[in-house]
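Down below is the structure, laid out as structure tokens.
The values are calculated or read from the model by the stated rules, or taken from the named source; none is laboratory data. Small disclaimer: the values here were computed from a predicted structure and weren't measured. Here Cβ is always computed from backbone atoms with ideal geometry, including for glycine, and neighbour counts include all displayed protein chains. Note: areas computed on protein heavy atoms with side chains; ligands, DNA, RNA excluded. Shrake-Rupley method; radii C 1.70, N 1.55, O 1.52, S 1.80 Å.
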Amino acid sequence: MGLIIVANRAPFRLTPEGLVPAVGGLATALLPVLERRHGVWVAAGEWREKGQAATPRESQVRLEQVFLPEKEWQGYYGGFSNRVLWPLCHYFLERVELRRDFYQDYQRANRRFAERVAEVFREGDTVFVQDYHLLLPRLLRERIPAKIGFFFHIPWPSSGVFRILPWGRALVEGVLGADLIGFHTPEYVENFLRTAAHYGYRVEENRVRVGERWVRVEAHPLGIDTGRFGELAQDPHIGLHARALKRLAGAERLILGVDRLDYTKGILERLLAYERLLQSYPQWRGRVAFFQIATPSRTSVHAYRELKRRVDEVVGRIMGSFLREDWVPLRYFYQTYTQEELAAFYRAADVALITPLRDGMNLVAMEYAYTTEDGVLVLSNLAGAAEYLKEALLVNPYDLDGMAQALDRALRMPGGERRERLSALKARIEALDVQGWAERFLASLEEG
């Protein structure tokens, strides 16, 4: 029995030596499963010319490309996925651009994906659709007799918010083409069920009636590769790098933030909370430093360029207000780091401040907690991970005073409490290991 995974991007990077597996996220979760089944990954990407085969080095996975004209790709992904679905699902309603041409390109792209999957499908194959292809499950059901799983990696918003979409009914009908629908948390499951009920579907417990079928909706939280991060936590070279970063900080305590530069990640509010800490708790001046890593993201989009400008302004203001000859209060790293380099930052930091304004899960919080030896995790209560990481200090990312207070508590936390919280967090993260996520979801799909 074969497996076909459908996603926006392929899980490989193009290097001078050829295609090599990407690290982290979906690639780490799905590639081992796909390789065991000698499966197919269907994606839109530029790893080969039309008509050429794609054979990654040292992999049993076959790649199949969906060819999207540039305008269609921009409307489907740059437009509908990133300027409609992304802000809507993260509750940034003022950023939602309800343009009919985006939706038309989105429909066309979904049909192209469906046709490509139908071409590679063989009897008995299971299809596992990832993220933004909300119309695809129904389109596939019309074309092939497959078991279809669908997983949505970002929050599913409340029914009242989702209904803002003029095309909401069509999107829900599309998702309900699947046999099993997965989300990261029970909250997102409940939101989807309420949305389906609004559009007239019969809902019983975690199932939705569609014609003669029942569609199951389940929470399947995604974690990290604990084996990999366990190794990074013990690597002596990374330990040396961590000590160098600690010396660079030049302070008793180091706070760390790590994010893509995205308006959902709360970087601006976090910097303001750090500024509030220095204002309200002057005893930390000269004793604490803050490193914020912001990975460049969607730099061609105006909203992201505007966010960078505002972040740069706040960084400059904090430095202007608090910089001393013997103390640099803040360092802002606007660049991309490897997993090994990030692990050094994790090991150097006494506190991680991970405060998205809304997040489907947030794996950085898990990476930090699993890699640090003695650190404290301060986590947004609006991240999906907060549902599972109860031993973190949970904060409201919009409450600057509350975040400053939590930072003060984290910086003063006794060693015994730190170790007790961290031990519990590591146990929870081990239970969510990424290698089991896909297997658990597929087992539920194939048994149902």
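Tell me whether region 154-253 comes out rounded, prolate or oblate; compute the Cα gyration tensor, take square roots of the eigenvalues as a ≥ b ≥ c, and use a/c under 1.5 as the rounded threshold.
In terms of gyration-tensor shape, prolate.
Mind pulling up the Rg/Rh value for region 94-140? Radius of gyration and Kirkwood radius, both on Cα.
Ratio of gyration radius to Kirkwood radius for region 94-140: 1.09.
Looking at region 255-364, send over the antiparallel percent of its DSSP beta bridges, to the nearest 5.
The answer is about 10 percent antiparallel.
Can you give the longest stretch of the chain with no exposed loop site, where a site means GluC sites (Glu not before Pro) in a DSSP loop (not H, G, I, E or B) with at most 10 other C-beta atoms within 10 Å?
By the stated rule (loop sites, at most 10 other Cβ atoms within 10 Å), 326-448.
If one computes P(r) from the Cα atoms of region 350-435, what percent of pairs lie at distances over 14 Å?
The proportion of pairs with Cα distances above 14 Å equals 58 percent.
Starting from the Kirkwood radius over alpha-carbon pairs of region 256-319, derive D by Stokes-Einstein at 4 °C in a medium of 1.567 mPa s and give it in µm² s⁻¹.
Stokes-Einstein gives a translational diffusion coefficient of 104 µm²/s.
Between region 143-171 and region 61-82, what is the separation of their alpha carbon centroids in Å?
So the separation of the two Cα centres works out to 18 Å.
Starting from the Cα-Cα distance between Arg440 and Val301, subtract it from 0.36 nm times their residue separation and give me the gain in nm to one decimal.
Net length gain for the segment: 46.4 nm.
Taking 0.36 nm per intervening residue step and subtracting the Cα-Cα distance, what contour gain separates Arg202 from Gln339 on full extension?
Here the answer is 44.8 nm.
Principal axis lengths of region 290-370 from Cα atoms, whole Å, largest first?
36, 34, 22
Calculate log10 I(q)/I(0) of the chain for q = 0.13 Å⁻¹, where I(q) comes from the Debye formula with a single equal point scatterer on each Cα and nothing for solvent.
The calculated log intensity ratios at q = 0.13 Å⁻¹ are -1.23.
Where both partners of a DSSP beta bridge lie in the chain, what percent of those bridges are antiparallel, to the nearest 5?
Approximately 20 percent, going by the DSSP bridge assignments.
Counting heavy atoms of the protein chains only and a 1.4 Å probe, report the per residue accessible area for the chain as a whole number of Å².
So the chain comes to 41 Å² accessible per residue, rounded to a whole number.
Hey, what number do you get for the chain at 222 nm if only DSSP H runs of n ≥ 4 count, each worth -39500 (n - 2.57), divided across all residues, to the nearest 500?
-13000 deg cm²/dmol
Enumerate the amide H contacts of Val210 below 5 Å, restricted to partners 5 or more residues apart or on another chain; note that Pro and chain-start residues carry no placed amide H.
Residues meeting the amide H criterion: Val215.
Going by alpha carbons, how many degrees (0 to 90, nearest 10) lie between the helix axis of 25-36 and the longest principal axis of the chain?
For helix 25-36, the angle is close to 50 degrees.
Of the options Val378, Ala294, Leu268, report the single residue whose Cα projects farthest towards the positive end of the charge dipole of the chain (beta-carbon charges: Lys, Arg +1; Asp, Glu -1).
About the Cα centre, the residue reaching furthest to the positive side is Leu268.
Can you work out D for region 273-432 in µm² s⁻¹ from Stokes-Einstein, where Rh is the Kirkwood radius over C-alpha pairs, the temperature is 4 °C and the viscosity is 1.567 mPa s?
After rounding, the answer is 78 µm²/s.
Bin all alpha-carbon pair distances of region 59-209 at 10 Å intervals from 0 and give each bin's fraction as a whole percent.
Per 10 Å bin, starting at zero, the Cα-Cα P(r) for region 59-209 comes out as 11, 40, 36, 12, 1 percent.
Against the longest alpha carbon principal axis of the chain, how many degrees, from 0 to 90 and to the nearest 10, is the axis of helix 302-322 turned?
Helix 302-322 sits roughly 10 degrees off the main axis of the chain.
In region 111-251, what percentage of the DSSP-assigned beta bridges are antiparallel, given to the nearest 5?
Within region 111-251, antiparallel bridges account for around 35 percent of the total.
Stretched out fully, how many nm does the piece from Glu231 to Gln74 gain, at 0.36 nm a residue minus the Cα gap?
52.6 nm
Looking at Leu342, Leu68, Leu93, which one has the Cα that reaches farthest to the positive end of the dipole of the chain (charges on Cβ: Lys, Arg +1; Asp, Glu -1)?
Leu93
I want to check the label-to-label distance for Asp312 and Arg213. Put each point 7 Å from Cα in the C-beta direction and report it in nm to one decimal.
Between Asp312 and Arg213, the simple spin-label model gives 5.0 nm.
What are the trypsin sites (Lys or Arg not before Pro) within region 136-171 that DSSP puts in a loop, where the Cβ has at most 16 other Cβ atoms within 10 Å?
For trypsin sites (Lys or Arg not before Pro) across region 136-171 that sit outside H, G, I, E and B with at most 16 neighbouring Cβ atoms in 10 Å, the list reads Arg143, Arg163.
Considering only protein heavy atoms and a probe of 1.4 Å, how much of the accessible area of the chain is carbon and sulfur, as a whole percent?
Ligands and nucleic acids excluded, carbon and sulfur give 47 percent.
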